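Colleague: Quick one: the structure is below, and I'll ask about it shortly.
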Amino acid sequence: MKKWQQRIGNWFTEHLDMPADVVLELPRITTIGHFHAYIENHRGLVLFSDNELRLRLNTGFLRITGESFVLKVMLPEEILLEGKMKEFKFIDS
Amino acid sequence: MKKHTQDIYFTGYVTVLIKGDRPELFFNQLVQEKVLVWDIIKKDSQTCEAKIRKQDISKLRMQRRGTGYKIRFRSKHGFPFLFTALLHKKPLLLGIAISILSIFFLSNTVWKIEVRGVSPELEHQIETKLDDYGVRLGAFKLTLGAPVDIQQRLLQDIPDLLWIGVQEKGTTYALEGVPKTIVKEEEQPGPRHLVAKKKGVIVDMFVSEGVAQVGVHDYVEPGDVLVSGLIGNEPPPVNKDQKDKTEQKDTRKHVAATGNVIARTWYNVSAAVPLEETYTVLSGKQENKYAIQFGDSFQLPVWGFGETEFKDSQEQTSVRHLRFLRWELPIGMGKTTEYERVTKQVKRTKEEAIAQAEKLAKQDLQLQVGADADIISQKILHETVENGKVKLILYFQVNEDIATSQPISQGD
């Protein structure tokens with residue numbers, strides 16, 4: 001079922017030019033330099049500390065590492081992270 | 001994103017510490033309940049610091065229940081907290097209240113009375129009167145009458161004042177008076193004749209300077225010379241032949257003719273008086289009402305409630321506003337005075353109407369000829385009654401001074 005949905009979504013983005021994050025319910029990550037990261041469409045916070053942020057995604061997790069992290073804004077599906085970022089890593093579950 | 005936190009200062013927000021195992025997970029719960037959370041920092045493995053709005057505190061407590069997390073409030077920010085903090089500082093509040101009150105009282109106090117334009121004696125008189133009315137240094141202004149009232153009372157009480165302007169300039173009363181001055185006679189009038197200004201028969205003459213040209217019982221027309229200002233012999237008529245050679249010098253002395261010339265004059269005066277008349281007068285009864293005035297229209301009565309028992313009345317309202325420094329506050333004291341008005345109806349018989357008309361005509365004439373003139377006799381020439389009115393034409397004889405001065409031109 002899920003595979004099938006994804007295939008339709010893929011077809012939409014390829015043929016109708018629709019943004020991938022909306023159609024496929026994927027996270028959209030916007031970074032400004034290395035000090036701001038704006039993550040939309042996540043599925044919940046898993047871990048947060050001074051040097052690591054881990055978020056649940058539709059498919060797996062997102063792990064951001066760095067220094068002096070502060071969550072500037074936290075909304076149900078959006079997070080604005082501030083700090084010095086070093087690494088973004090997608091982890092499959 | 002900043003949008004959420006911009007007005008936060010006015011609603012107030014708090015910094016909380018969340019303690020427990022993996023405290024960051026607690027925010028997942030909060031966010032699902034639409035609690036706005038920002039500036040989350042992980043202090044150590046057991047502690048998270050975050051900021052939430054004041055109105056979300058109860059939601060935070062609800063969510064905490066049964067989770068094992070511990071909440072500690074660290075600091076409060078924003079206007080509501082500042083305000084409550086201020087409320088707890090009683091001496092400060094008291095001080096603010098006292099200072100506002102004192103500014104308020106001082107703004108409504110008379111600080112200075114200036115009297116200008118009058119002599120020191122009159123100034124003293126005015127100041128004594130003002131003191132009687134309560135207008136003195138240190139008086140509370142609200143209890144004093146309006147400047148117009150003060151002006152009227154001063155004019156009534158001090159007969160030497162011709163006019164006085166009373167102006168309220170903040171805490172200062174500025175009075176500017178004009179004393180009555182007796183207009184002095186012209187020091188030295190130039191050479192002049194006295195001529196008649198009306199036609200009449202002379203009954204009495206008194207000449208202090210000049211040469212009388214007419215006698216008692218003479219009839220004079222307007223413009224006739226009564227007293228000449230030229231004293232001395234008239235120069236002999238100039239002979240036409242001699243004119244070129246020697247000009248005869250006019251040796252007459254020029255003086256300012258003065259004197260009174262009383263003459264009998266006569267006047268026709270018509271007067272009409274209705275047989276029936278209605279008019280309204282103020283009976284003299286009055287009632288005062290006091291009210292606190294807010295803004296322009298809203299009044300809260302404090303003294304004198306209900307309708308007066310007057311059937312008909314005339315209202316006079318004056319409002320005095322409280323002041324704060326140099327501003328007039330929209331709060332003031334309103335005074336309404338109601339005067340009873342009575343309608344009177346008069347029915348006259350024909351005889352009464354005639355008597356009234358004669359009286360009116362006589363008054364009218366006296367005004368016209370001046371107070372010095374004597375009305376000698378009067379006679380009804382004609383009387384008619386039409387449209388409910390009595391109309392009279394009266395004939396008056398008057399003794400009055402008909403002399404008026406006319407300057408003598410002395411040539412170039």
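Colleague: Here are some residues: B:L122, B:L36. Which one is touching a His at 6+ places or on another chain (Cβ under 8 Å) and surrounded by 13 or more Cβ atoms within 10 Å (Cβ to Cβ)?
Modeller: One residue alone meets the criteria, B:L36.
Residue-wise test of (1) of a type in the set (F, W, Y); (2) closer than 14 Å to B:V14 by Cβ; (3) out of contact with any helix residue (DSSP H, G or I) (no Cβ under 9 Å at 6 or more places or on another chain); (4) within 14 Å of chain A (Cβ to nearest Cβ).
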{"residue": "B:L36", "(1), (2), (3), (4)": "no, yes, no, yes"}
{"residue": "B:A50", "(1), (2), (3), (4)": "no, yes, no, yes"}
{"residue": "B:M62", "(1), (2), (3), (4)": "no, no, yes, no"}
{"residue": "B:L87", "(1), (2), (3), (4)": "no, no, no, no"}
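Colleague: Could we say that B:K70 is out of contact with any Asp or Glu (no Cβ under 8 Å at 6 or more places or on another chain), within 26 Å of A:N51 (Cα to Cα) and away from chain A (no Cβ under 14 Å) here?
Modeller: Yes.
Colleague: Out of curiosity, is B:K70 surrounded by 14 or more Cβ atoms within 10 Å (Cβ to Cβ) and within 30 Å of B:S45 (Cα to Cα)?
Modeller: So B:K70 fails the test.
Colleague: Continuing with the same structure: Just give me the residues in the range B:332-371 being within 30 Å of the chain's Cα centre (by Cα) and of a type in the set (S, T, Y), in sequence order.
Modeller: The answer is B:T336, B:T337, B:Y339, B:T343.
Colleague: Out of the residues in the range B:141-170 meeting the condition of being closer than 21 Å to B:Q293 by Cα and touching a strand residue (DSSP E or B) at 6+ places or on another chain (Cβ under 6 Å), tell me which one is most open to solvent (accessible area, probe 1.4 Å).
Modeller: Filtering the range B:141-170 down to residues closer than 21 Å to B:Q293 by Cα leaves B:141-149, B:168, B:170.
Adding the requirement that they be touching a strand residue (DSSP E or B) at 6+ places or on another chain (Cβ under 6 Å) leaves B:142, B:146-147.
Numbers: B:L142: 45, B:A146: 22, B:P147: 28 Å².
That would be B:L142.
Colleague: Only residues that are at pLDDT 90 or above and either open to solvent by less than 60 Å² (accessible area, probe 1.4 Å) or under 17 Å from B:D39 (Cα atoms) (or both): list them for the range A:73-90, please.
Modeller: Scanning the range A:73-90 gives A:I79, A:L80, A:L81, A:E82, A:G83, A:K84, A:M85.
Colleague: Separate question: If you take the residues of the range A:31-41 that are away from chain B (no Cβ under 11 Å) and more than 9 Å from the chain's Cα centre (by Cα), which of them is surrounded by the most Cβ atoms within 10 Å (Cβ to Cβ)?
Modeller: A:A37
Colleague: Also, I was wondering about something else. Taking B:G66 as the residue in question, decide whether it is on the phi > 0 side of the Ramachandran plot and in contact with a Phe, Trp or Tyr (Cβ under 8 Å, 6 or more places away or on another chain).
Modeller: no
Colleague: Taking the range B:194-217 on its own, how many of its residues are touching a Pro at 6+ places or on another chain (Cβ under 9 Å) and open to solvent by less than 30 Å² (accessible area, probe 1.4 Å)?
Modeller: Of the residues in that region, 2 qualify.
Colleague: Does A:R28 qualify as being touching a helix residue (DSSP H, G or I) at 6+ places or on another chain (Cβ under 7 Å), more than 9 Å from chain B (Cβ to nearest Cβ) and open to solvent by 70 Å² or more (accessible area, probe 1.4 Å)?
Modeller: Working: touching a helix residue (DSSP H, G or I) at 6+ places or on another chain (Cβ under 7 Å): yes; more than 9 Å from chain B (Cβ to nearest Cβ): yes; open to solvent by 70 Å² or more (accessible area, probe 1.4 Å): yes.
The answer is yes for A:R28.
Colleague: Does B:L92 meet the test of being out of contact with any His (no Cβ under 9 Å at 6 or more places or on another chain), away from every other protein chain (no Cβ under 14 Å) and in contact (Cβ under 8 Å) with a residue 12 or more places away in the chain?
Modeller: no
Colleague: Of all residues in the range A:63-72, which are within 12 Å of chain B (Cβ to nearest Cβ) and open to solvent by less than 20 Å² (accessible area, probe 1.4 Å)?
Modeller: If the condition is that a residue be within 12 Å of chain B (Cβ to nearest Cβ) and open to solvent by less than 20 Å² (accessible area, probe 1.4 Å), then A:F69, A:L71 are the ones that fit.
Colleague: Which residues, counting only those in the range B:95-119, are among the hydroxyl-bearing types (S, T, Y) and open to solvent by less than 40 Å² (accessible area, probe 1.4 Å)?
Modeller: B:S107, B:T109
Colleague: Can you tell me which of (1) open to solvent by less than 80 Å² (accessible area, probe 1.4 Å); (2) facing chain B (nearest Cβ under 10 Å) is the one A:I8 doesn't meet?
Modeller: Result: A:I8 fails condition (2) only.
Colleague: Of all residues in the range A:42-62, which are more than 14 Å from chain B (Cβ to nearest Cβ), surrounded by fewer than 17 Cβ atoms within 10 Å (Cβ to Cβ) and out of contact with any Ser or Thr (no Cβ under 6 Å at 6 or more places or on another chain)?
Modeller: Selection gives A:N58, A:T59.
Colleague: A further question on this structure: Just to be sure, is B:P191 open to solvent by 60 Å² or more (accessible area, probe 1.4 Å) and not aliphatic (A, V, I, L, M)?
Modeller: no
The values are calculated or read from the model by the stated rules, or taken from the named source; none is laboratory data. Quick caveat, the model's predicted, so the values are computed rather than measured. Ideal geometry is used to build each Cβ from the backbone, glycine not excepted, and the neighbour counts take in all protein chains shown. The protein model used for the area step is the full one, side chains on, heavy atoms only, and it has no ligands, DNA or RNA in it. Shrake-Rupley method; radii C 1.70, N 1.55, O 1.52, S 1.80 Å.
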